[in-house]
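> I have a structure here, written as structure tokens, and I will follow up with some questions on it.
The values are calculated or read from the model by the stated rules, or taken from the named source; none is laboratory data. This one's a predicted model, so the numbers in the text were calculated from it and none came from an experiment. Here the Cβ is made from the backbone with ideal geometry for all residues, glycine too, and neighbour counts use every protein chain on show. Quick note on the areas: whole protein, heavy atoms, side chains included, nothing else; ligands and nucleic acids left out. Shrake-Rupley method; radii C 1.70, N 1.55, O 1.52, S 1.80 Å.
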Amino acid sequence: MITKINKIVIGTTAMLTLASCSDRMEYKEYNVYDKDYITQNFTRIGGFMTNLYNMVDYDFGNFSSGAMLASASDESEYSQMGNAIEDFYNGAWSPSNAKESLPSGWTKMYQGITTANVFLDEFQDATFDELMLNTDYNAQMHRYRNYQYEARFMRAYYYFNLVKAYGGVPLIDHVMTAEEVNQLSRSSADDIFKFIIAECDDIKDKIVENYSDLGQYALDTEETGRADRLAVLALKARAALYWASPLFNSAGDTERWHQAALYTKQLIDACEVRGKGLAANYGDLWSARAYNTANIAKEVIFGRRYNSSSAGDHVVEGYNYPVGIEGGMGGNCPTQNLVDAYDMKNGLPIGDSDSGYDEANPYDNRDPRLAVTIAKNGDVWPTYQTAALQIWQGGANGEPQTNASPTGYYLKKLCNGSISLASNSTVQNATHMWLTFRMGEFYLNYAEAVFRYLGSADATSSELPMSALEATNMTRQRAGVGLLPTGMDNATFWTRYQKERMVELAFEGHRFWDVRRWKEADKFLTSITEMKLTRNADGTITYTRKNVARQWSEKMYLFPIPQAECIKNPNLTQNTGW
């Protein structure tokens, strides 16, 4: 675990940037300096804060040589055998192989917490007297005074990432020595969630409300990529949802669902007052112009993005473009499980006899989000290509080619299809944004919380006037797919809700955690289904399903505490089963 920093490390931040609205944060390169040097001017203090933001997690396959957490769930299968993502389901996961290299893993999150604590304990009350005559002094001081609330937000966010993975963890809210840290016991998960929610409550009306509207404190460069009031409300609402979920609410306390619904409504209301809402076109959210196009960015509450001028920012395309395309590595290939979750465009599940689903033409008249998310046989993908994909056995993009899709599909979502990885290409850069919080998620979060609290999909109350059904239908209406009907029994609604969430939030880092917090991973993670395509002599395709078993046990609901941490600190207790 990280201990007190005597020499403050401001890391190199030239590659990654963040965004919550339109403009990007100003990132520079910093070296190792002490406190006195850093507090000499605003720029150095800002650089310290940038290092704190640099630990915000994102998952473009960056932590496991291209594999995303989606490939440790039932969303996808990584095409390159032997990738470390397989450890999650092949029996290799253990305290000595604790997967702490995750973007939201133990080591990185405690690094972030330590950085926040150092700033809060050691970098307050600077006045920068030598700069008082500068014309932007008041604006810079306003930003500096706000940094403490950003640091507290980031610390709370990092604790959320820890508690959802490990349950209770040591709670460190000030700078400590190594000896002190290594004597700490784990606080309970309840205490960590209470800490997160209390922090958000305390800072929500103190942090900058909107970085794009600073009034008299506006600077030449508005750093709208920083956390603001909406980001705080979003963290509070998501943390409350997780705390109410069965994994952390074994007693079934309905008041937690009540609070989660109220907090999420508070966020949605505040977003709508700000002019935020769902973008008109689902696919636009992952386009290169999403971060600076108002009618798209209005859905984004907080996010992290690649700088479009940075080397290697096409890594998500390189990892996930189809085999047979120059530079394509196959990557995170959507499963048939995910494909089956997409309803027909008329709103009926494919298993409904009235849906119109045709097994010989399985992709006709499906939910339009399928085409945005998944590249299937016959698609022209990437978009700069002219030839249609051939994913059948022996086809140009199919097995048995090395690293060809084992599932019969390739990933579109998150990728920019205009990027060419050809050696002579001049189009290899584009902005990519990881959506940490967006409106689409929170309409679904609200639906889940109000459903669990009020007891049916159609129920409302004076304080919760939007029903679970209405909230769930928000994302369906935007997608152009038939709405869910009124009058569903609870079991039917829950099944339909789970599918809607899987579809809407595919490859955004939710599914891996959702099935755990629901304590339903045993229903979804014990196997995946691949689709094998055979091209017949007449040109038609025969589709054959293949089930592939995966390992799952109860202990996997929570991560193992890294063995190295248990050795350093004998007061750390290991999670059950590990």
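> Mind pulling the angle between the C-alpha long axis of helix 254-273 and the longest principal axis of the chain? Nearest 10 degrees, somewhere in 0 to 90.
That helix lies at roughly 80 degrees to the long axis.
> With a 1.4 Å probe and all protein chains left in place, how much accessible area per residue does segment 172-257 have, in Å²?
Numbers: 3550 Å² over 86 residues.
Averaged over the residues of segment 172-257, the accessible area is 41 Å².
> At 20 °C and 1.002 mPa s, what whole-number value in µm²/s does Stokes-Einstein give for the translational diffusion of segment 158-197, with Rh from the Kirkwood sum over Cα pairs?
Roughly 205 µm²/s, to the nearest whole number.
> Could you give the dipole magnitude of segment 409-517 about its Cα centre, charging the beta-carbon of Lys and Arg +1 and that of Asp and Glu -1, in debye to the nearest 20? Could you put the intermediate results ahead of the total?
Numbers: 12 positive and 10 negative charges, 82 e Å.
In debye, rounded to 20, segment 409-517 gives about 400.
> Also: What do you get when you divide the Cα radius of gyration of segment 158-251 by 2.2 N^0.38 Å, with N the number of residues?
Details: Rg = 16.5 Å, N = 94, 2.2 N^0.38 = 12.4 Å.
Rounded to two decimals, the normalised Rg is 1.34.
> On average over all directions, what projected area in square nanometres does segment 264-368 have, based on the convex hull of its Cα atoms? Mind dumping the intermediate values first?
Working: hull surface 40.2 nm².
Projected over every direction and averaged, the Cα hull of segment 264-368 covers 10.1 nm².
> Equivalent ellipsoid semi-axes for segment 182-326, as square roots of 5 times the alpha carbon gyration tensor eigenvalues: give them largest first, rounded to whole Å. All intermediate terms of the calculation are to be shown ahead of the outcome.
Working: eigenvalues 199, 110, 62 Å².
Over the Cα atoms of segment 182-326, the semi-axes work out to 32, 23, 18 Å.
> Would you mind checking the pairs K204/K555; K99/K194; K164/K206; K99/K546; K265/K532 and listing those with alpha carbons more than 32 angstrom apart? Walk me through the numbers on the way to the answer.
On the way: K204/K555 36 Å; K99/K194 26 Å; K164/K206 26 Å; K99/K546 29 Å; K265/K532 44 Å.
Over 32 Å Cα-Cα: K204/K555; K265/K532.
> Let me ask another. Under a 1.4 angstrom probe, counting protein chains only, how are H142, H258 ranked by accessible area, largest first?
Details: H142 50, H258 25 Å².
Ranking H142, H258 by accessible area, largest first, yields H142, H258.
> Here's a follow-up. What value does segment 364-409 have for Rg/Rh, both radii from Cα atoms and Rh as Kirkwood defines it?
Working: Rg = 11.1 Å, Rh = 11.2 Å.
Here Rg/Rh amounts to 0.99.
> While we're looking at this one, here's another question. About the Cα centre of segment 106-245, what is the dipole size in debye to 20, counting +1 per Lys and Arg Cβ and -1 per Asp and Glu Cβ, all else neutral? Show your work: numbers first, answer last.
Numbers: 14 positive and 22 negative charges, 157 e Å.
Charge dipole of segment 106-245: 760 debye, to the nearest 20.
> Here is a further query. Which Cα, out of V232, Y543, G112, lies furthest along the positive dipole direction of the chain (beta carbon charges, K/R +1, D/E -1)?
Y543
> Oh, and also: On a 1.4 Å probe surface of the protein chains, which of T293, T402, T43 comes out largest in accessible area, and what is the full order?
Working: T293 35, T402 110, T43 75 Å².
Heavy-atom accessible area, descending, gives T402, T43, T293.
> Also: Below 8 Å between Cα atoms, with a sequence gap of 6+, how large is the relative contact order for the chain in percent?
Once divided by the residue count of the chain, the mean separation gives 19 percent.
> Moving on. Which log10 I(q)/I(0) values does segment 495-578 give at q = 0.26 Å⁻¹ under the Debye formula, counting every alpha carbon as one identical point scatterer?
Evaluating at q = 0.26 Å⁻¹ gives log10 I(q)/I(0) of -1.22.
> Once Rh is set to the Kirkwood radius over Cα pairs, what Stokes-Einstein translational diffusion coefficient, in µm²/s, holds for the chain at a temperature of 10 °C and a viscosity of 1.306 mPa s?
Values: Rh = 24.9 Å.
In µm²/s, the coefficient is 64.
> Additional query: Per residue of the chain, what 222 nm ellipticity follows from adding -39500 (n - 2.57) for every DSSP H run with n ≥ 4, rounded to the nearest 500? Display every interim value, and only then the final one.
Working: 18 runs with 199 residues, N = 578.
That calculation yields -10500 deg cm²/dmol at 222 nm.
> Using only Cα atoms and rounding to the nearest 10 degrees, what angle (0 to 90) does helix 468-479 make with the longest principal axis of the chain?
Approximately 70 degrees, to the nearest 10.
> Let me ask something additional. Using the heavy atoms of the protein chains and a 1.4 angstrom probe, tell me the accessible area per residue for segment 438-578 in square angstrom.
On the way: 5580 Å² over 141 residues.
Ligands and nucleic acids excluded, the result is 40 Å² per residue.
> What would the Debye formula give as log10 I(q)/I(0) at q = 0.23 Å⁻¹ for the alpha-carbon point model of segment 340-429, no solvent?
At q = 0.23 Å⁻¹ the computed log10 ratios are -1.19.
> Further question: Can you give the angle from 0 to 90° between the axis of helix 106-122 and the longest principal axis of the chain, with both taken from C-alpha atoms, to the nearest 10?
30
> Using r as the Cβ-Cβ distance of S423 and V315, and R0 as 25 Å, what FRET efficiency do you calculate, to the nearest 0.05?
On the way: r = 17 Å, r/R0 = 0.66.
The formula returns an efficiency of 0.90 here.
> Beyond 16 Å, what share of the Cα-Cα pairs of segment 35-111 is found? Please give it as a whole percent. Working shown, then result.
Details: 1771 of 2926 pairs.
Beyond 16 Å sits 61 percent of the P(r) for segment 35-111.
> Can you list the aspartates and glutamates whose alpha carbon is less than 13 Å from that of K519, not counting same-chain residues fewer than 8 positions off?
E554
> For segment 90-175, give the magnitude of the charge dipole about the Cα centre (Cβ charges: +1 Lys/Arg, -1 Asp/Glu; no others), in debye to the nearest 20.
Numbers: 7 positive and 9 negative charges, 119 e Å.
Dipole of segment 90-175, to the nearest 20 debye: 580 debye.
> I'd like the carbon and sulfur percentage of the solvent accessible area for the chain, probe radius 1.4 Å, heavy atoms only, ligands and nucleic acids excluded. Write out the running numbers ahead of the final one.
Numbers: 10010 of 21610 Å².
Looking at the chain in its full context, I get 46 percent from C and S.
> Still on this model: Considering every Cα-Cα pair within segment 92-210, what fraction, in whole percent, is farther apart than 23 Å? Each step should come with its number before you reach the end.
Numbers: 2830 of 7021 pairs.
Tail of the P(r) past 23 Å holds 40 percent of the pairs.
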